[in-house]
Every structure is written in C-alpha cells, then in structure tokens.
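Inspection log for the structure reproduced underneath, given as structure tokens.
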C-alpha cells in the first residue's frame, strides 16, 4: 500500500498472520519503544489498515484477502505497471476488484484527468494521493473477502457507463475453458465491466494458468489484451496470440 513507512509495512505483515498482536510484542519484535509502536498503530488506523484495541492491534482486512494480497507480489506489481501503460490521460476506465487490478491505480501517476468506475475499495489509497484521478464507486453488497462491492445494484449501475478500457482479473485461465472464477458474483461483475468497454484487458499472473474455477467468465478469444508475467508458458502464449489476443509479458 502506498504511503507506508518500512516499519509500518512490517507491522502490517505481522498482523497478516491473524489474531490480535500486542503493542509489547510488536515492540520486542521490531526493536523499538512502545511509544513508537503506538504512534505507528495510530497512523495505520487513520489510514483504515488496522483496528486498535486496548494495547493490541488487528488487521482491518479479511484473512482470505490478506492471503491473496501476499501472493506473487512482484509479478502483480509488474503486471499492474504494464497494464497502466494502456491508459491515456483523459481516459474513462473501469477497474474490477482484485489485488492485481487495484495496483493499476498506483501506476497512474503522471497521467491526467483519469476517471475510474470501480467496485474495488482497494483503490482508495491511490485515489487519495493522486488528484488527477476521479473515482466513481458503484453501490451494492460489500464482500470483505474481496474488498469489493457486488450484486444486482452494482450490475445495474455499471450499465450506466461506457469506458475506453476495462480491467479485470480471473481465478483460473485455460485455453479450453477460458476465464473462470470461484464466485458467480465475481463473474457477473467482470462480464458487465467488459461489456461496457471498448477494450477488454485481462490482468493475471502466470500462477492462474491451468486452473479452472467454478464459474465461467468468458472464453479467451473474447478479451482483447492479456497482461501477464514472463513465467507464463510460452506455448500457451503462442496459442492465445493466434486467437487474436494481444499478450503483454511484464
């Protein structure tokens, strides 16, 4: 997350292990005073990242989400940075929920007058520090495990907009089964966003290849661009390109 000191990042990582962590334990682990830890915790609470109790702190995020956020971090950063290059100043775009998708917001610095329509609460830190981004959040049902808003209300509100580019992720990706996810509501949001866009962009790290989720999102040949990392199997890259999909290896 943007705007965190090295020690604040360490604190967040310790809290990701789950449960409450005491101020004294954090002080001992990080070799700083309790006063310093309390100051750090106050700053993290003000950013909405943790919750504080009497002498203890817990993460403000769902454990399932924290597990996703901590996996393949470097690849996700590279993919998000490459995906952000597909956005031009003045663009209207959609960004779906997901840890890789949200990171695109970090790399929009330097671009002007970007309007994002999204269901992802993970974009808030990047919007706060970038005055050139205007964010429209759709309403609906909040899912803490995804840091996302989903459901019928979200789908209906997305239909009001048309954008140049829509970014979405996937839980699984194969040539035969296309893009799949574990939750029907995630598939609905991704399909709707891509329906409202002139260009459909999939952001997915190589670990997603070969996996098949419960619900189909779209066939592979219905997306325009796949942004992934260099560990994506080369033979699969060739097949996907032959489908007419532009593949970017970050």
Stokes-Einstein translational diffusion, segment 1-43 - Kirkwood Rh over all Cα pairs, 1.306 mPa s, 10 °C, in µm²/s: 151 µm²/s
Segment 6-60: relative contact order in percent, alpha carbon pairs under 8 Å with at least 6 residues between: 41 percent
Anisotropy class of segment 123-237 from Cα gyration tensor, a/c 1.5 cut: prolate
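Taking the DSSP beta bridges in the chain as the whole, what percent of them are antiparallel, to the nearest 5?
40 percent
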Label-point separation in nm, residue 241 to residue 42, each point 7 Å along Cα→Cβ: 5.6 nm
For the chain, convex hull of alpha carbons as volume per residue, Å³: 121 Å³
Net length gained if the chain between residue 10 and residue 113 were fully extended (0.36 nm per residue, minus Cα distance): 33.7 nm
Extended-chain gain in nm, criterion 0.36 nm per residue less alpha-carbon gap, residue 159 and residue 175: 2.9 nm
Mean Cα-pair separation over length for the chain, i.e. relative contact order, pairs under 8 Å, 6 or more apart, %: 15 percent
Exposure proxy order (Cβ contacts within 10 Å, fewest to most) of 229, 25: 25, 229
Cβ crowding within 10 Å averaged over residues, with 75-83, 132-140 ranked highest first: 75-83, 132-140
Label-point gap, in nm, between residue 231 and residue 145 - each point 7 angstrom along Cα→Cβ: 2.5 nm
Spatial separation of Cα centroids for segment 1-46 and segment 129-153, in angstrom: 27 Å
Pairwise label distance in nanometres, residue 28 with residue 54, each label 7 Å out on the Cα-Cβ vector: 2.1 nm
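Quick note: the coordinates plus some simple rules give every number you see, no bench work behind them. Because the structure is predicted, anything quoted here is derived from the model rather than measured. Note: ideal-geometry Cβ built from the backbone for every residue, glycine included; neighbour counts use all protein chains shown.
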